[in-house]
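The values are calculated or read from the model by the stated rules, or taken from the named source; none is laboratory data. Remember, it's a predicted structure, so these values are computed and weren't measured experimentally. Neighbour counts are summed over all protein chains in view; Cβ atoms, including those assigned to glycine, are modelled from backbone coordinates with ideal geometry. With ligands, DNA and RNA removed, areas are computed over all heavy atoms of the protein, side chains included. Shrake-Rupley method; radii C 1.70, N 1.55, O 1.52, S 1.80 Å.
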Amino acid sequence: MSQALSERTVTIVKATVPALQAHGLDIVREMYARMFQNPEIRDLFNQSHHGDSGSQPRALTGAILAYAANIDNLGALTAAVERIAQNHVGLQIMPDHYPHVASALLGAIGHVLGEAATEDVLTAWGEAYWFLANILITREAALYENLAAAEGGWNGWRAFEVAEVQPESTVITSIILRPVDGGPVLAHKPGQYLTFWLDLPGHSPIKRNYSISSAPNGETYRISVKREPHGLASTWLHENARPGRILKVGAPAGDFFLPDDPQRPIVLLSGGVGLTPMVSMLEALAARQPQARVHYVHGARDVASHAMGDHVRRLAAAIPASRNTVFYESVPEAANLADHERTGRISGAWLASETPVKEADYYLCGPRPFLRALVSDLVAIGVSADRIHYEFFGPADEALAA
């Protein structure tokens with residue numbers, strides 16, 4: 001348990017909020033530049049999320065600003081801290097990585113703020129950093145211990161063999177993974193993801209997270225990967241993940257998941273390949289809680305890119321109190337849509353009229369614009385924040401819920 005921050009540190013850190021608002025992004029970019037001089041640290045990160053057009057620097061800038069603004073009310077950051085800890089465990093971040101980040105952060109503050117970064121400011125931020133770091137290290141240690149102790153659990157990177165490959169649409173392919181050691185696999189929580197260490201020819205090792213798209217079965221995992229136009233990892237997996245290929249995989253992680261015994265109606269909202277954790281949830285409900293009240297709502301660009309449609313219909317048929325609705329942005333004029341199919345995009349007005357907004361829990365996953373629009377719509381139609389749960393692709397964006 002970390003000791004409380006000193007009042008002096010709290011006062012100084014809060015006083016730096018205006019400077020962070022003005023220069024935070026520059027500080028974060030400088031911090032990453034310093035960290036990435038160390039290959040061991042650099043290889044922990046998804047490089048596609050960095051650089052001038054990357055989203056990770058902006059996300060971390062927002063997180064640092066939120067920490068500074070709430071440093072006297074850290075309870076407001078509990079959910080964010082859990083999300084960070086889960087992500088760190090997926091990436092296999094260890095306590096000895098934290099000093100590198102501290103050095104880079106304090107060096108960046110000094111470099112960007114210049115004379116304004118007084119000894120008092122740097123001392124206060126050093127204390128504030130290690131206070132939060134120790135909270136994360138403690139939580140991550142507990143997560144690692146729990147993973148290692150659970151049946152089928154593990155720490156580090158475990159070898160999995162590609163057992164089967166199944167095309168799901170023109171852009172999405174499912175990959176079934178079985179552990180090489182023949183042992184059981186941890187029963188993930190529906191909605192969680194796996195982290196992959198990929199050794200690509202001509203590149204430094206890269207790490208990517210992919211949501212598990214199957215219910216727990218104790219033997220295998222399934223991921224369903226969209227081939228992105230410029231996606232290094234997704235393209236490699238589509239071209240190289242054939243039966244017999246061995247992949248290095250971290251244990252399931254993530255704070256976005258379906259509870260064991262949901263007490264309220266459930267609405268699963270997804271866009272594009274965001275359906276992957278939703279299919280995991282729907283499979284789990286069909287197998288264990290067929291009495292659940294659930295509405296699966298998915299948005300796809302067109303019929304050709306719509307993945308797992310038949311599978312979802314079979315799952316919905318196994319849950320008597322379920323509904324299944326699909327929206328297509330583009331539909332040929334002569335097409336005959338089924339009863340459960342719609343044209344256009346999912347909207348707040350449609351959700352207000354077709355889903356139980358006063359009582360349901362809403363689970364969302366999809367591209368950033370999809371989430372921004374629907375989280376805002378749900379708030380506008382009266383869904384309370386504690387009933388809105390979302391997963392995103394790429395770095396966390398706390399502004400989604402603002």
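Miscellaneous remarks
- The share of accessible area on the chain that comes from carbon and sulfur is 53 percent, using a 1.4 angstrom probe.
- Relative contact order computed over region 141-204 (Cα-Cα under 8 Å; 6+ residues apart), in percent: 28
- Equivalent ellipsoid dimensions for region 151-299 as semi-axes, Å, which come from the Cα gyration tensor, largest first: 26, 19, 13
- Semi-axes of the equivalent ellipsoid for the chain, computed as √(5λ) from the eigenvalues of its C-alpha gyration tensor and ordered from largest down, come to 37, 25, 20 Å.
- Within the chain, helix-based [θ] at 222 nm, where runs of 4 or more DSSP H residues each add -39,500 (n - 2.57), nearest 500: -12500 deg cm²/dmol
- Accessible area per residue in Å² at 1.4 Å probe, computed on the chain: 46
- GLU239-HIS111 pseudo-label distance in nm [points 7 Å out on the Cα-to-Cβ vector]: 3.4
- Straight-distance crosslink candidates among aspartates and glutamates, where the alpha carbon sits under 13 Å from LYS226 and sequence neighbours closer than 8 are dropped: GLU168, GLU239
- Divided by 2.2 N^0.38 Å, where N counts the residues, the Cα radius of gyration of region 163-224 comes to 1.21.
- Rg then Dmax, both in Å and based on the Cα atoms of region 269-402: 14.4, 42.
- Computed over the alpha carbons of region 88-200, Rg followed by Dmax gives 20.3, 59 Å.
- Longest site-free stretch - the chain; sites: GluC sites (Glu not before Pro), DSSP loop, at most 16 other Cβ within 10 Å: 1-150
- Short-range pairs are left out: with C-alpha atoms under 8 Å and at least six residues apart, the relative contact order of the chain is 14 percent.
- Taking amide H positions as modeled 1.01 Å from N, with prolines and chain starts lacking one, the residues under 5 Å from ARG245 and 5 or more places away or on another chain are VAL162.
- For region 1-116, the convex hull drawn through the C-alpha positions has a volume of 119 cubic angstrom per residue.
- Region 219-270: Cα Rg divided by the 2.2 N^0.38 Å rule of thumb: 1.59
- Debye log10 I(q)/I(0) for region 99-139, one point scatterer per Cα, at q = 0.16, 0.22, 0.34 Å⁻¹: -0.40, -0.67, -1.14
- Sum of side-chain charges, LEU136 neighbourhood, beta-carbon under 14 Å (Lys, Arg +1; Asp, Glu -1): -2
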